[in-house]
Each structure stands twice: as C-alpha cells, then as structure tokens.
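Notes for the one structure printed next.
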Amino acid sequence: MVKMYLNSLFTDPERVSRLIEIGRSSFQPLLEGAIIYTIPLTLISFVCGLALAILAALARISSNKLEQIIAGIYVSAIRGTPLLVQLFIIFYGLPTIGIIIDPFPSAIIGFSLNVGAYASEIIRAAILSIPKGQWEAGYSIGMSYRQTLKRIILPQASRVSIPPLSNTFISLVKDTSLASMILVTEMFRRAQEIAATNYEFLLLYMQAALIYWIICFLLSIVQGRIENRLDRYVSS
Amino acid sequence: MIKIKDLHKQFDQLKVLKGINLYVAKGKVIVVIGPSGSGKTTLLRCLNVLEEPTSGQIVIDDQVLDFSQQVPKRKIPSFRRLTGMVFQNYNLFPHMTALENVMEGPVTVKGEKKETVRKKAEILLGKVGLGDKINYYPFQLSGGQQQRVGIARALAMEPKVMLFDEPTSALDPELVGEVLKVMKDLANEGMTMVIVTHEMRFAREAADEVIFIDGGVIVERGKPEQIFSAPKEARTQQFLSLIQ
Ligand SMILES: Nc1ncnc2c1ncn2[C@@H]1O[C@H](COP(=O)(O)OP(=O)(O)OP(=O)(O)O)[C@@H](O)[C@H]1O
Ligand SMILES: [Mg+2]
C-alpha cells in the first residue's frame, strides 16, 4: 500500500498535480476553519475556563465546607469523564430535556468546563506552593484575606502556574478538534468534509495536522516569552 | 501600651502558653528570652493575632481583644495594625521591589495616595540605610538588607508597637550588626518594642526589661543587668549558662 502510494507519486504526474491542486485549494478553507472556529473556540474557552478555575481553586482552599464540596465534585466529575462524552451530553443529550444549544456555544460550554476543572487543580497547587509566611506577612501589615490573595499570593502563584497552564492551553487547541463531532465546522471537520468528496484522506488530515502543529509551535514561543517576563524577580 | 492578662494558647492537646501576664509601658523595649519551644514565637504571634489565643485578654493602645469569648473577625485587622511584625526569615514579597514592599501596606490597606506614600517609603528606606537600594528586588539584597526592608515595611503602617521574632538569627554574623543598629535607633526614638532574640549583648544595651520564658510561663523578669548577672531562678541560671 505504502509502496503503491509512493509509486503513484513518481510515475503518475497527473496524480501529483491533482494532489497539489487539492492541497492548494483546501488550504484556504482549512485555515478559515482555524481562524473562524478553532482559534476563537480556544481563546474564549480558555478565558472562561480560567475564570472558572480560579473560582473553583479558591472554593477548594476556602474554609467553607459547602464551597469545598461543590468545587470538589465539579473537578472530580469533569476529570473523571471523557471530554467527548461531556460534549455529547451538552449537544445531543440536553435537547431531551428541552435545552437546545447551538454547536458553537455547546463547544464553548464543554471546553470551558473542562479547562476550568483541570486548571483549577493547577491554580490550587500553585497557591498552596506559596510559603505560609507570605500570607502572614500580608496579614501582619493589616491586609485582609482578599487583599493578601490578590496582591501577594496570586501574583506569585501565577508565575508558578504559567508553565502548566500553557500546557493546558496547547492541549485545548488540539482538543477543539473534538468539536467536529458536535457539528462545529472547525478545521478538522472541514478536513473531513473535503476528504469525503475527493478521498484524499491522508493529504487532508496531514494538512490539518500541520496547521495544528504550527499554531502550537507559535504558542510555545509565546509561552517562553511570558515565562521570561515573569521570572524577572527571581534569581536565575 | 500593652497589657496581657492570663493569656493561654493551646494547639490541639499541646498547651504552649499557660497564663502570661505582662505589662509594657509606652516607649519601653522588652527582650524575651527562653529555650527553644518555650512559646516565645507563639507569644509574639498572639500579640499580632496571627495565632488566635485560646483564652485571656490583650490590650494594645486603647483596643481590647478578649479571647474568653468569640472575637469578631472584623476587629482583627484594625487590631493587627497596632503592631508591626518583623519575621525571622524576613518574608518580603519577592515580586515587589524594596520600595513596593514598603508602600504596599499604606496603599492597599490604608488607601493612601501613591505619591505621598512613595515619599514616606523613600524616607523610611533611607532611615534603615537603604536609600540607594529602593528599586532592588529582595533576591538582589543581602539578608541584612532584606531584614531592614522588613523593618521599614512594618514601620510604614505606623504601628504603636514593633514585634521582632529573632530578627537576626537567619543572618550571617557580619550582617547582624547593621540590623541591630536600626533596632537601637528605633528604640532611641521611643518606639515600644517586644523582641525575641538570642543577642545577649544587644539585650544588655537596649532592653529596659528582660523576660525569661520557659514552658509557657514567665519564669523571671527584671532589668537586663539583674537577669544576666544575678538571675534568681534556677531555670534562668541554667539557661544563661548554656548560651553564654
Ligand atoms: N501551628 C502550630 N501547631 C502546633 N504546634 C505548634 C504550632 N506552632 C508552634 N507549636 C508548638 O508550640 C511550641 C512553642 O513553639 P514556639 O515557636 O512558640 O517556640 P519558641 O519559643 O519560639 O522556640 P524557638 O526558640 O525554637 O523559636 C512548640 O512545641 C511548637 O512545636
Ligand atoms: Mg521562635
């Protein structure tokens, strides 16, 4: 099979030019899918998820038992079930009880809940990693819990959590391909649709993979920059 | 300035403070000594309410906290502002410069204007001998310099009492002097201070009164000359002979 595929590339100039033509013409719709859906889906879900994560993290370290329990169940349920199943529940399941949500918002809700759970663990660990003395120093100059958290603890915790959060973000870029299963015409779904018409599955999926890779590669560069900036107050 | 009445502190089963009574007049410098685990740190932390006493009463300036009943949470921050705490390991905010460390309290807690606070903070840092280091981050400063920033940070809140918990014991010997000098200057200006330290020479020179704590009670108290040269209690004698 492999041999046949490669052979055709060398012996059949018509097939080669057909592949080039398909590759060229499908590049634009794929990129469009990335720009209109994949990237916004990633960004919006990440921001919402992060807000959710901070709330959940604070709830889990709070002294309020009820908050602890609610946040604990949320995190455990999301981390203990497959993302794809969560998306299916939201998009295909909820209509059964009369809750109908369009594909794109469904995806946003699903990914936000997912990021919220995973990132809350990261943020919680980061907050707990800040020495107790920092809280006490804040209290000792008269700061309240909230002031100490906002001014002293979170800025330091954010530095600690940037690397793992970046990983969450990059995973999210890739996970958005699952939105294709709930009819969001993001990049991967477009690749599937185009391939269904011309049967060049390998070419189309490789193209999609390449675009994901490029996005993630650029993100890892941005990640490095942010880490350098936040490192300015610690000795090498 | 400070009145402590029958103060008890218990961690689970462990009784750490067993009825401390202490009166400190305005402008006095009290040095607290005692063996490890005797409750010195706990006493200071109770004064700053970083630790909530199990029972007893603390009066500082004109504010009273009575721990025999439930102390309302909202009373604690204003009470805490009466005291400035200097920690053994400085606990500076690592993401802020020396200046920002000192400005943080007045700006965030008191809501004062940044410009006025900045001037005040610069003067304070000048006073502790760090006028040329105001824009340094803690990691760029030596231990002695960090501790002096810590003192300036506490002073910026204009506390009535300064509490020091072994402020020099994490320092290299050659850096101890610069911190003690700042503390002496402060004493000479009339600041009321409670200091836990093992620097006996400093205690002799700067303390108005020395208090020896062991097993959660005040065993002996007196003028430094008396405590150091002629301790009355056997436990005090034993402790002093061990450290001198
Ligand atoms: N948060 C806490 N929980 C439980 N036990 C504590 C706590 N803090 C202090 N203790 C205990 O209380 C006792 C007194 O501790 P404290 O730190 O006040 O002693 P200290 O006199 O300052 O000793 P050192 O000279 O070693 O600093 C010790 O036995 C210590 O283990
Ligand atoms: Mg101690």
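The values are calculated or read from the model by the stated rules, or taken from the named source; none is laboratory data. From a predicted model like this one, the values you see are computed outputs, not experimental measurements. FYI the Cβ positions are ideal-geometry reconstructions off the backbone, even for glycines, and counts take in every protein chain you see. For accessibility, only protein heavy atoms count, side chains too; no ligands or nucleic acids. Shrake-Rupley method; radii C 1.70, N 1.55, O 1.52, S 1.80 Å.
Annotations
The rows are residues; the columns are (1) under 24 Å from the mean Cα position of the chain (by Cα); (2) open to solvent by 10 Å² or more (accessible area, probe 1.4 Å).
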residue	(1), (2)
A:ILE109	yes, yes
A:TRP135	no, yes
A:ALA157	yes, no
A:SER166	yes, yes
A:PHE169	yes, yes
A:LEU172	yes, no
A:MET187	yes, no
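- Residues that are within 12 Å of the chain's Cα centre (by Cα), assigned to a helix (DSSP H, G or I) and within 11 Å of chain A (Cβ to nearest Cβ), drawn from segment B:130-170: B:GLY150, B:ALA154, B:LEU155
- Residue within segment A:69-82 that is within 22 Å of A:ALA126 (Cα to Cα) and among the polar types (S, T, N, Q) present: yes
- Filter pass, A:PHE27 being farther than 30 Å from A:ALA125 by Cα and assigned to a helix (DSSP H, G or I): yes
- Every residue from segment A:97-107 that is part of a helix (DSSP H, G or I) and either surrounded by fewer than 21 Cβ atoms within 10 Å (Cβ to Cβ) or not hydrophobic (A, V, I, L, M, F, W, C) (or both): A:ILE97, A:PRO103, A:PHE104, A:PRO105, A:SER106
- Of the strands (runs of 3 or more DSSP E) lying entirely inside segment B:190-237, the ones with 3 or more residues being at pLDDT 95 or above and within 14 Å of the chain's Cα centre (by Cα) are found at B:192-196.
- Of residues in segment B:29-75 being at the interface with chain A (Cβ under 10 Å from one of its Cβ atoms) and open to solvent by less than 20 Å² (accessible area, probe 1.4 Å), the one nearest to ligand 2 (Cβ to nearest atom): B:ASN48
- For A:LEU94, the requirement of being open to solvent by less than 10 Å² (accessible area, probe 1.4 Å) and farther than 26 Å from B:ILE151 by Cα is not met.
- For segment B:17-53, the set of residues classified as under 14 Å from B:PHE67 (Cβ atoms), within 13 Å of ligand 1 (Cβ to nearest atom) and β-branched (Val, Ile, Thr) consists of B:ILE20, B:THR42, listed by residue number.
- Yes/no for B:PRO106 being open to solvent by 40 Å² or more (accessible area, probe 1.4 Å) and part of a helix (DSSP H, G or I): no
- Boolean, B:PRO106 is in contact with a Pro (Cβ under 8 Å, 6 or more places away or on another chain) and within 14 Å of another protein chain (Cβ to nearest Cβ): no
- Scanning segment B:79-103 for residues that are of a type in the set (D, E, K, R) and touching a residue at least 40 places away in the same chain (Cβ under 8 Å) turns up just one, B:ARG81.
- Qualifying residues in segment B:13-28 (those that are within 16 Å of the chain's Cα centre (by Cα) and open to solvent by less than 60 Å² (accessible area, probe 1.4 Å)) - the one nearest to B:GLN238 (Cα to Cα): B:LEU22
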